[in-house]
1. Could you pull out the residue among GLY397, GLY363, GLY384 that is more than 17 Å from the chain's Cα centre (by Cα), in the same structural domain as SER332 (by TED's automatic domain parsing) and not in a loop (DSSP other than H, G, I, E, B)?
2. If the Cβ limit is 8 Å and pairs must be 6+ apart or interchain, which residue in the stretch 279-294 that is over 25 Å from ASP225 (Cβ atoms) pairs with which residue that is in a loop (DSSP other than H, G, I, E, B)?
3. Criterion first (surrounded by 15 or more Cβ atoms within 10 Å (Cβ to Cβ), more than 25 Å from the chain's Cα centre (by Cα) and either among the hydrophobic types (A, V, I, L, M, F, W, C) or not in a strand (DSSP E or B) (or both)) does LEU289 satisfy it?
4. Limited to the stretch 106-123, what total is found for residues that are within 13 Å of the ligand (Cβ to nearest atom) and in contact (Cβ under 8 Å) with a residue 40 or more places away in the chain?
5. Which fully enclosed helices (runs of 4 or more DSSP H) of the stretch 1-89 have 1 or more residues being closer than 21 Å to ILE195 by Cβ, without any contact (Cβ under 8 Å) to a residue 40 or more places away in the chain and more than 14 Å from the ligand (Cβ to nearest atom)?
6. Report yes if some residue within the stretch 205-222 is of a type in the set (Lys, Arg), touching a residue at least 24 places away in the same chain (Cβ under 8 Å) and in contact with a strand residue (DSSP E or B) (Cβ under 9 Å, 6 or more places away or on another chain); otherwise report no.
7. With the requirement that a residue be under 24 Å from ALA55 (Cβ atoms), away from the ligand (no atom under 16 Å from the Cβ) and assigned to a helix (DSSP H, G or I), what does the stretch 428-445 give you?
8. Specify which of the listed residues (PHE414, PHE390) is assigned to a helix (DSSP H, G or I) and within 14 Å of the ligand (Cβ to nearest atom).
Amino acid sequence: MEILRRIPETRVLVGPEDLEPYRRDESHVAGSAPLAVVQPRSRAALRELVRVAAAEGWGLVPRGAGTGKAGGCVPTPGTVVVDLSAWPREMVLSRTDLTLRASASASLREVKAAAAKGGLFYPPDPNSWESCAFGGTLATNAGGPNACKYGMTRHWVLAVEALMADGEVHAFGIGSVKSNTGPSLAQLLVGSEGIFGIILGATVRLLPAPTDFLTLLLPAQSWTDLLDVPERLFASGLLPSAFEFFDPAVLEDLRRHGPEEARRLPGEALAVLEFDDRGCTAEPFLAALTELLGPIAQGLQLATDARQREAIWSVRRKTSAHLKERYPKKVSEDIVVPRSRIRDFFEGLGRLEIPAVTYGHLGDGNLHTNLLAAGETDPQALEGQLMDLFRLCLSLGGGLSGEHGIGLAKRDAFLRLSDPYQVEALRGIKRALDPKGIFNPGKVI
Ligand SMILES: Cc1cc2nc3c(=O)[nH]c(=O)nc-3n(C[C@H](O)[C@H](O)[C@H](O)COP(=O)(O)OP(=O)(O)OC[C@H]3O[C@@H](n4cnc5c(N)ncnc54)[C@H](O)[C@@H]3O)c2cc1C
C-alpha cells in the first residue's frame, strides 16, 4: 500500500481494525475487507488515485456516510474505499437563483439547514437525513416521506460535479431550471450508485419554505381500511407532503418495545398524514379532509404543536433502526407499486404467504416489507420468497426498489428480472464512461 501513501493530501487507512467498519453499510450485506481506505482532500489526490487504481487494477468504492441499505458502498474483492468525509466542504446559497451548491461531503442535515436559514426548502428527506451525506443521497437518488408530493433527489438536481475515469473533475449541467442541451449526464450520475464516477458536489434547486403544517395521526380499527385512502386523497386533488403507515405487526412491536413516544400510538394500524399547503391549518381545509376520509376520520388526531409533530416523526424515523435492533438478521426490502395498486399488493402478499411485516411510504406505494425471520429461514426458501415478492411488484407495474437502489443486495434479482436490453444498455454506458471498470465494480450491473 506504499503506493497509496505517496498520493498527496490523502489519509490512508490500512489497519484491520480501521478497515473493519467499512465492510458494512446499513443493509444485511457484508463486503470483503478493502485493500485500504483513502480519504482524499484535493483534485490532485483524486487524479493520482485514479491513475494508481488503473495501473494496479484496483476498483474504487465511493462511500458517503455508509447509511445505504443496498450494500452499495461495501467493498468487493480488490477494491479501495474512497471515503469522502474529508473532502473540503463548501456551500453556496443563491436566493436569486433559488439554488444551493454543496459538496458531496456535506451532510444532508447541513444542506437542508443551509436552505432553511435562507427561508428556503430542499425537499428530499430520507429518514436517515440526520446522518447521511449529501453525496450519498445524490448517488442513490434518495427519497423519503416528502417524495409523494415533491419527488426524489433527482427532481431537484440541476448540475453535478464528478470525478470521472480520466482522473479529472467534470461539471455536468448548469445551475438553472432551464437547460436543454441534449441528454443530461448530470441526471445520469444521479442514482448511479457510484458506478460511473465519484460525485463531488451538486447544485440543487430550492423552494420558498412552507410555513403551515397539518400533521395528523390516522388510526384504523381494521387496517385494510387504510389501503384505499391514498387513491381517494390523490384522486380528489389533495396532495399530502407525507403519507406514512405502520401495519398492525410493526405498530404493535413499536408500542411494546419501541421508543417512549411510540407507547401510546393508537389503532390496529396507523397512518401519519402531513400537509404543508398554505392554509392547511385552517378549519375549512380540515373539514374538507374529514369529509373526504369518511368514517375512518373518526379517530383522527391532530399534532397541535411542533413538539407533538416532532414526536410523531421521531417514531417514524426510528422504526428502521428499532426493527434492526430487535431482528438483526432481518431482510428489509423497499419495493414499490403504483399507489392505485397498493390493495392488490397486500392481497398478493397474503396469497403468497410470505411471512413479512410492512411499514413505509403509503402515499407513493414505496413499502418497506421486512422479512423478520430471514436469519432463521433456509437460504433457498428465503431467496424464493424474495423473488416472489419482486415478481408480485413487477406484475403490478412496480419495481424492486423505490428508494434504496440496487447495490450488491439486489444485484442478482435486478439482473434476473430486468429487460436484458436495458441491462446491456447500462453496461454499454458503463464501458463508455469507465472502460477499465474502476468505479464500484460488481455493483448494480
Ligand atoms: C434509518 C435509515 C433510514 C433510511 N431512510 C431512507 C429513506 O427514507 N429514503 C431513502 O432513499 N433512503 C433511506 N435510507 C438509505 C440511505 O440512508 C440513503 O440511501 C442515503 O442516501 C445514503 O447516503 P450515504 O451517504 O450514507 O451513502 P453510502 O451508504 O455511503 O453510499 C450509498 C451508495 O452511494 C454511493 N456513493 C456514496 N457517495 C458517493 C459519491 N460521492 N459519489 C458516487 N457514489 C457515491 C456508494 O458507493 C453506494 O453505492 C435509510 C437508511 C437508514 C439507515
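1. None of the other options fit; the residue is GLY384.
2. Taking only residues 6 or more apart or on different chains, the pairs are GLY279/ASP212; THR281/ASP212; THR281/PHE213.
3. So LEU289 fits the description; yes.
4. Number satisfying all stated conditions: 3.
5. Output list reads 43-56.
6. Yes: one or more hits.
7. Matches in the stretch 428-445: ARG431, ALA432.
8. So the residue among PHE414, PHE390 that is assigned to a helix (DSSP H, G or I) and within 14 Å of the ligand (Cβ to nearest atom) is PHE414.
The values are calculated or read from the model by the stated rules, or taken from the named source; none is laboratory data. Fair warning: this is a prediction, and the values are worked out from it, not measured in the lab. Here Cβ is always computed from backbone atoms with ideal geometry, including for glycine, and neighbour counts include all displayed protein chains.
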